[in-house]
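Asks: Have a look at the structure that comes next, please.
The values are calculated or read from the model by the stated rules, or taken from the named source; none is laboratory data. Computed from a predicted structure; not experimentally measured. So basically every Cβ, Gly included, is an ideal-geometry build from the backbone, and we count neighbours across all protein chains shown.
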Amino acid sequence: MTIKLSRLRRHENLRRLVRETELNAADFVYPLFIKQGLKEKYPITSMPGQYQLGLMHLEEEVHHITKLGIPAVLLFGIPAHKDQQGSSACDPDGIIPQAIRKIKSIAPDLLIISDICFCEYTDHGHCGIITTDNHIHHAATAALLAKQSIIHAEAGCDIIAPSGMIDGMVKTIREGLDNAGFQSVPILSYAVKFSSALYGPFREAAEGAPKFGSRAAHQMDPANQREALREVRQDVAEGTDMIIIKPAAYYLDIIRQTRDHFPEIPLAAYQVSGEYAMIKAAAEAGWLDEKKTVLESLIAIKRAGADFIITYFAKDAANWLHSGENSCNS
């Protein structure tokens, strides 16, 4: 008897029949950058095809997203005012509460995930309250993250996503939401956020680059694997409902290990701005086929164990998938 595994590869419909990992538009979350007072869509130069949006642009954008079958958006706010405390982050009439209310008025069923952090709101660009020796004050920052979370929940946010890797943030936010009557609002914690070089374009997009130092003191060392599982275990113990691993492409081993160790927890992976920018740049130079590369990258992330993927390619990928191009080899 001759075993030929290639027998199942000879025809596209046969390949589809036995395909182990499938992509769907429902797998994607699309990030939006919303800037206070912006009158025109502003292109993000390091992320071709991505824009900072004003409130007036949300109706067209939301209609496009929902038409494609993308179930959720992740909101990042850029306020008109920044200060040392990031006070605009806790303004009930701030840019994100306004955006939440507007999106809900346009598409009530579109899930809104609110990124909860302070780097876009502080004049120093760090993720919370800074101590006299220029480190994050974790307890004081966690308390403000809980306040921010309650304000966003009051505006109608569906999911709270704290992203700062602040010690105790999940516990403090969960207690704050529960005490404010939002026991049903889930937390999607950035449980594993590596201190990565791949965030550069995002910092242009969100206007949140640190003015001094780095975030390596509270984000994870890219060299560490076991520590990632400790971070997940801690956030699960504190009450997170779902977790994010960020970035995705360089950390597929972390996604796989997390899925194996925590099979019961919904797991998201964030294909970050640098991953997007690299594929875009190579495609624009003619070195890669953009569609095939994007779909292959997303298949790899899902194959590694992600339940859903936060990606700037969400709209493009959804379009391709609706056209029946579910394979990176199509």
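Asks: Test I65 against the criterion of being under 22 Å from R203 (Cβ atoms), under 17 Å from the mean Cα position of the chain (by Cα) and in contact (Cβ under 8 Å) with a residue 12 or more places away in the chain, and give yes or no.
Replies: No.
Asks: A follow-up question, please. Working only within the range 216-235, note down all residues that are without any contact (Cβ under 8 Å) to a residue 40 or more places away in the chain, of a type in the set (A, V, I, L, M, F, W, C) and in contact with a helix residue (DSSP H, G or I) (Cβ under 9 Å, 6 or more places away or on another chain).
Replies: A228, L229
Asks: Return yes or no: is L23 part of a strand (DSSP E or B) and not β-branched (V, I, T)?
Replies: It is false that L23 is part of a strand (DSSP E or B) and not β-branched (V, I, T).
Asks: For the condition over 17 Å from the mean Cα position of the chain (by Cα) and of a type outside the set (D, E, K, R), what is the one hit in F308, F262?
Replies: Only one candidate qualifies: F262.
Asks: Out of all the residues in the range 248-257, which are closer than 22 Å to H218 by Cβ and either free of Cβ contacts under 8 Å to residues at least 12 places away in the same chain or touching a Gly at 6+ places or on another chain (Cβ under 7 Å) (or both)?
Replies: Scanning the range 248-257 gives a single hit, I255.
Asks: For S189, are the conditions met, namely being at pLDDT 95 or above, assigned to a helix (DSSP H, G or I) and among the polar types (S, T, N, Q)?
Replies: no
Asks: Could you tell me how many of the residues in the range 37-55 are surrounded by 17 or more Cβ atoms within 10 Å (Cβ to Cβ), in a loop (DSSP other than H, G, I, E, B) and either of a type in the set (A, V, I, L, M) or touching a residue at least 60 places away in the same chain (Cβ under 8 Å) (or both)?
Replies: 5
Asks: Could you tell me whether the range 45-54 includes any residue that is within 28 Å of A155 (Cα to Cα) and of a type in the set (A, V, I, L, M, F, W, C)?
Replies: Yes, because at least one residue in the range 45-54 is within 28 Å of A155 (Cα to Cα) and of a type in the set (A, V, I, L, M, F, W, C).
Asks: Turning to a different aspect of this structure: Would you be able to tell me the number of residues in the range 56-75 that are of a type outside the set (V, I, T), in contact with a helix residue (DSSP H, G or I) (Cβ under 6 Å, 6 or more places away or on another chain), within 16 Å of K104 (Cβ to Cβ) and outside any strand (DSSP E or B)?
Replies: Total satisfying the criteria: 3.
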